[in-house]
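So the structure is just underneath, and the comments pick up after that.
The values are calculated or read from the model by the stated rules, or taken from the named source; none is laboratory data. Nothing here was measured: the structure is a model prediction, and the numbers come from that model. Neighbour counts are summed over all protein chains in view; Cβ atoms, including those assigned to glycine, are modelled from backbone coordinates with ideal geometry. Ligands, DNA and RNA are stripped out before the accessible areas are found, and what is left, the full protein with its side chains, is counted by its heavy atoms. Shrake-Rupley method; radii C 1.70, N 1.55, O 1.52, S 1.80 Å.
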Amino acid sequence: DGGITQSPKYLFRKEGQNVTLSCEQNLNHDAMYWYRQDPGQGLRLIYYSQIVNDFQKGDIAEGYSVSREKKESFPLTVTSAQKNPTAFYLCASSSGGPGLTDTQYFGPGTRLTVL
Amino acid sequence: AQSVTQLDSHVSVSEGTPVLLRCNYSSSYSPSLFWYVQHPNKGLQLLLKYTSAATLVKGINGFEAEFKKSETSFHLTKPSAHMSDAAEYFCVVSDRTGGGNKLTFGTGTQLKVEL
């Protein structure tokens with residue numbers, strides 16, 4: 001059954017701690033993305049990766065870090081430098097083909113709460 | 001720069017009546033446009049996409065959208081609402097930035113369906 005999985009579904013963190021969110025896909029997609037969603041706002045791009053061992057900053061990368069060591073995996077670390085980390089985090093992937101029609105498919109999300 | 005404006009943050013309809021969710025976009029060239037749906041605490045599901053082929057696009061669950069270049073609009077419609085349609089809907093425009101496929105999201109429209 002192909003798709004994108006994110007874990008955990010809910011995550012609680014104390015202030016000052018780093019935390020890593022998992023994203024795995026078995027769609028054989030080249031490109032992967034991390035978004036942040038806050039109430040009443042659309043999704044905002046944190047980081048994206050078009051190919052293994054390469055990634056680029058999105059619109060709100062400060063306080064976050066990523067790695068892309070395997071095609072299937074794109075973990076996101078929320079560091080203590082992120083001033084307001086409480087949010088719903090969504091991972092997506094796409095085939096990475098040329099043109100604008102490359103559709104992104106989303107995982108179920110991780111809700112992070114900082115206590 | 002591209003942008004998306006969803007003209008209504010909340011829409012309420014009765015079950016069995018038509019649905020209209022409005023979206024206007026701004027893009028420096030011919031865009032690709034998408035509608036996604038999100039149920040509470042879930043990831044985003046693709047409803048439909050416009051890719052410069054037919055201007056009337058049919059999607060899943062009876063939804064469709066019409067691309068009108070002269071009005072820079074991409075409104076989402078459904079002839080008859082069902083209770084299961086209650087969710088948040090996002091209009092999205094696609095751009096290619098630095099080789100990546102960047103999505104710009106609207107702020108969302110919350111659809112309520114009443115008996």
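Figures for the structure shown
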quantity: Square roots of five times the Cα gyration tensor eigenvalues for the range B:1-63, Å; calculated: 22, 15, 14
quantity: Candidates A:44, A:68, A:13, ranked by Gaussian network fluctuation over chain A, Cα under 10 Å, top entry; calculated: A:13
quantity: Chain A: radius of gyration and largest Cα-Cα distance (Dmax), Å; calculated: 13.5, 42
quantity: Distance (nanometres) between label positions extended 7 Å along Cα→Cβ at residue B:54 and residue A:69; calculated: 4.7 nm
quantity: Members of A:14/B:49; A:70/B:102; A:14/B:42; A:83/B:49; A:57/B:78; A:70/B:49 lying beyond 32 Å, as alpha-carbon distances in this model show; calculated: A:14/B:49; A:83/B:49; A:57/B:78
quantity: Solvent-accessible surface ranking, highest first, for A:62, A:24, B:88 at 1.4 angstrom; calculated: A:62, A:24, B:88
quantity: Equivalent ellipsoid semi-axes, the range A:1-63, via Cα gyration tensor eigenvalues times 5, rooted, Å; calculated: 21, 16, 13
quantity: Gap separating the Cα centres of the range A:21-72 and the range B:17-58, nearest whole Å; calculated: 22 Å
quantity: Simple label model, 7 Å out from Cα along Cβ direction - residue A:52 to residue A:111, nm; calculated: 3.6 nm
quantity: nm² value of the averaged projected area, convex hull over the Cα atoms of the protein assembly as shown; calculated: 12.8 nm²
